[in-house]
Amino acid sequence: MSSLVSIVLQNTDDARAIIDAVMTDNPEAVASRYPAMVKIDSPGELVMNKASIADRLGRDFELQEIHLCLVNISGNIDEDDDRIVLRWNS
Amino acid sequence: MNVAANHTRPRKLNLKERYNHLTRGLDWDFSYQPKEKVFPFSDYEGIKIHDWDAFEDPFRLTMDAYWKFQAEKERKLYAVIDSFSQNNGQVNLSDARYVNALKLFITGISPLEYAAHRGYAHVGRHFPGVGPRIACQMQSIDELRHAQTQIHTISHFNKFFDGMHDPWHMYDRVWYLSVPKSFFDDAMSAGPFEFLTAISFSFEYVLTSLLFVPFMSGAAFNGDMATVTFGFSAQSDESRHMTLGLEIIKFMLEQDEANVPIVQKWIDKWFWRGFRLLSIVAMMTDYILPKKVMSWRESWEMYFEQAGGALFRDLSRYGITLPKYHEMATAGKDHISHQTWATFYQYTHAAAFHTWTPSDAEKAWFTEKYPDSFAQYYGPRFDHWEKQQASGDRFSNDGLPMICQVCTIPAIFTEVEDPTRISLRSCEHNGEKYHFCSDGCRDIFLDEPEKYVQAMLPVSQIFQGQCGGAGLSEVLDWYHLNQGADNCDHLESRDAAMWEQWHRSGKDPA
């Protein structure tokens, strides 16, 4: 069984676009909604693409803007200019 | 003027290049002093580091980006705080009982944020490597921000509700606040590598999600927009802190095989200390939130068993295993919130927040969420106390409890195999007998007895006459507890009377 990686985002206007992009780009991901926040779990790996998020926001998006709505993560992070990847190595 | 420039603008640096310039190119070597004098704490813990440049913050945050995003977080938060107070947001909470969670927060948690600020400033000075030093310095500033934003947010509630008037004084003196204080003082008086294992890894990565995620979501569900906003504003930094915690652990493990047993011992110790500290969060989640989102048991399953399980599977390739006694902590998920609330109910006269017995609807919820424990062990106890209270004979415990030498919590927790038997352990050291709540706490003592014989145990201090006098009332005065207002039952409190006025007689809260 591969471990789940997770990300929790606030229910903000920008985060809606991020959540939508993440759910489209990671077909195995599952989103659970709670008051004020959304938790997304995905087996083994989760990718956040700058281009998909910018596309939905209708403006340029710096990936580090994610810090404004990030609540929690579970997994090893790797970030460059175009994408953030969250993964377990096991 | 019209001549085209004959040079092209240099290419903008990418994220990795910017981070590398910050953490590789700006440091310098010392010519007047040897390195061990500049960094006197870096070796004594036995952690061997061969290449500090191997440490990398995976978010690769540089100072310009840090200031930009932190400023934006502050602007958003303070707009919410203003709006909340202008609109008398406290009137729209689910119930006045909720505010007791904020009383615990400002007296027991916000001082930890400030302690973390100091701790990270210290280790951010003392690591020989630039990457960890910068990450720790950013975190030190974050933690100061958390303490400040919590004070600012909660100061609005302090205008109306009791128990929040002197949190820093209380943190240093009140009996149950010795639990968070001793936890952080223990970490801050350790070496820099143990401090990061304690706070960045065991606390931030493994355990604080249990406080900030389900509890803050609960605050949202209970109408507290201001607290949700400072909570999530802090938590947005916390994701970066968690990442530092995971990276520093991997860094130590990758640098030298000899580091593995040292790190494992610290993980075992700080998991257990953190688990004990969280018993107060378990109680806040289950008992103090009037509208429930998720039980403590469910939170534990989601954030420790599932997320922690994945984390420790990932770390197993270094030879790291799940923390010692994790099974006991998991068995505790059915019990600790009920046992802790029952303790505060009995000692409500000595606490700076109010208590109550759960309503019938809450009891039904507990029975559903805790099928293996509530109806059997805890429901009947609350029923009994409720009957006593109805007949004018409210039970309160006048004895002073035995306190664990390590976690400083009264011995209130039970044996895993028998939830009706209190768990007690002891040992002898230099002819003195010391008492503990668990094997986990006794192990911690036995590894560093000279540290823990110095623990400030509130009950012993009271008996030694160090806490303002011999009587309860003198001790409570010494705590700066406003007697008759801050303590005792919610139902008879000024908080409850004021709430009633706002909602029944339409009295203007201003």
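Figures for the structure shown
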read-out: Where labels lie 7 Å past Cα in the beta-carbon direction, separation of A:D20 and B:R9 in nm; value: 3.1 nm
read-out: Helix-only mean residue ellipticity at 222 nm for chain A, each DSSP H run of n ≥ 4 adding -39500 (n - 2.57), per residue, nearest 500; value: -7000 deg cm²/dmol
read-out: Residues in the range B:7-34 that a label on B:D53 would reach, taking backbone N under 19 Å of a point 7 Å out along Cα→Cβ; value: B:14-31
read-out: FRET E, pair B:K35, B:S189, Förster distance 30 Å, beta-carbon r, rounded to 0.05; value: 0.80
read-out: Note, ³J(HN,Hα) from phi for the range B:163-169, Karplus 6.51, -1.76, 1.60, rounded to Hz, x at Gly and Pro; value: x, 10, 7, 8, x, 6, 5
read-out: Value at 222 nm in deg cm²/dmol, rounded to 500, when DSSP H runs of n ≥ 4 in chain B each add -39,500 (n - 2.57); value: -15500 deg cm²/dmol
read-out: Cleavage-rule hits (trypsin sites (Lys or Arg not before Pro)) in the range B:114-201: DSSP loop, at most 14 neighbouring Cβ within 10 angstrom; value: B:K159
read-out: Residues B:S279, B:S200, B:S31, B:S426, sorted so that the one with the fewest Cβ neighbours within 10 Å comes first; value: B:S31, B:S426, B:S279, B:S200
read-out: Sorted by Cβ neighbour density within 10 Å, fewest at the top, the residues A:M23, B:M284, B:M170; value: A:M23, B:M170, B:M284
read-out: Cubic angstrom per residue, convex hull over Cα atoms of the range A:4-87; value: 75 Å³
read-out: Exposure rule at most 16 other beta-carbon atoms within 10 Å, DSSP loop GluC sites (Glu not before Pro): chain A longest free segment; value: A:29-61
read-out: Two-decimal Rg to Rh for the range B:309-374 - Kirkwood Rh, Cα set; value: 1.18
read-out: Integer Hz, Karplus 6.51/-1.76/1.60 couplings in order for the range B:48-59, x for Gly and Pro; value: 9, 10, 9, 9, 5, 5, 6, 7, 9, 6, x, 7
read-out: If the convex hull is drawn through the Cα atoms of the protein assembly as shown, its volume per residue in Å³; value: 195 Å³
read-out: Debye log10 I(q)/I(0) at q = 0.06, 0.12, 0.13 Å⁻¹ for chain B, Cα point scatterers; value: -0.30, -1.17, -1.35
read-out: Percentage, to the nearest whole number, of Cα pairs in the range B:453-502 over 12 Å apart; value: 68 percent
read-out: Over the range B:176-293: Rg over Rh, Cα atoms, Kirkwood Rh; value: 1.03
read-out: Segment B:D398-B:E428, extension gain: residue separation times 0.36 nm, minus the distance between their alpha carbons; value: 7.9 nm
read-out: Positive-pole candidate from B:T107, B:P132, B:Q70, dipole of the range B:1-144, charges at beta carbon; value: B:Q70
read-out: Simple label model, 7 Å out from Cα along Cβ direction - B:Q376 to B:Q148, nm; value: 5.1 nm
read-out: More than 31 Å apart - percent of Cα-Cα pairs taken over the range B:52-354; value: 27 percent
read-out: DSSP loop GluC sites (Glu not before Pro) with at most 14 other Cβ within 10 Å excluded, longest remaining stretch of chain B; value: B:1-256
read-out: Relative contact order (%) - criterion: Cα under 8 Å, at least six apart; region: chain B; value: 17 percent
read-out: Residue exposure sequence - B:Y98, B:Y318 - by fewest surrounding Cβ within 10 Å; value: B:Y318, B:Y98
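All of the numbers you see were taken from the coordinates with simple rules; none came from a lab. None of these values were measured; they are calculated from a predicted model. Glycine also receives a Cβ, built like all others from the backbone with ideal geometry; neighbour counts cover every protein chain displayed.
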